[in-house]
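The values are calculated or read from the model by the stated rules, or taken from the named source; none is laboratory data. This one's a predicted model, so the numbers in the text were calculated from it and none came from an experiment. Note that each Cβ is placed from the backbone with ideal geometry, even for glycine, and that neighbours are counted across all protein chains shown.
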Amino acid sequence: MRTAEGKGAETFQIPGLEEIPVRVVKKRQKNCYLRVRNGEILITAPLRASKEYLASFAAKHEKWIRKQLDAEEKNGRAFLPEAPGEREALRSILGEYIRIWEPVLMVRSMGFRIRNMKSRWGSCNVRTGVQTFNLQLIHYDKECIEYVVVHELAHLRARGHDPVFWGIVEKALPDYKERKKRLQ
């Protein structure tokens, strides 16, 4: 673990919450602070705090942590932790669907990004022609991913969500409503 202020992070697990890694960032401060955001447990701690003390600190707050995680999940804000290879797998799937649908929709994507997004599956910047896709799509079937790709590419032909836009999506994917429903 690095001990330089704010740099590096150590991770460990809390008994009873093994499925969620605890990230520790050590800084020049007196007290420990616990946060739960996006399904991640973060402790900022004094530089000299031992791993044993931090594990005890986190375990002591297990009930509170579970409550926060449940609230995030209930509100749809929790992200599943990123597993090795997920980003690359999603990049491959998205690239394949973009190549398939660009000529069908008569559009040209200028590239795409992948990131965790709290409230949407994708977005399209019509000015730059770049799409952004939610990393959490990797946890859905390919039909749902394909729907999001078609939806975002359709924005390059029709801004907003007016009847013209939905007509483009429906012509491409007649079952888009069923796919969209599975994402909710």
If only one of S109, S123 is in contact (Cβ under 8 Å) with a residue 24 or more places away in the chain, part of a strand (DSSP E or B) and not hydrophobic (A, V, I, L, M, F, W, C), which one is it? S123
Mind counting the residues in the stretch 100-128 that are surrounded by 13 or more Cβ atoms within 10 Å (Cβ to Cβ) and among the polar types (S, T, N, Q)? 3
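Yes/no matrix, rows are residues, columns are (1) in contact with a strand residue (DSSP E or B) (Cβ under 7 Å, 6 or more places away or on another chain); (2) at pLDDT 95 or above:
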residue	(1), (2)
R127	no, no
K142	no, yes
I145	no, yes
E152	yes, yes
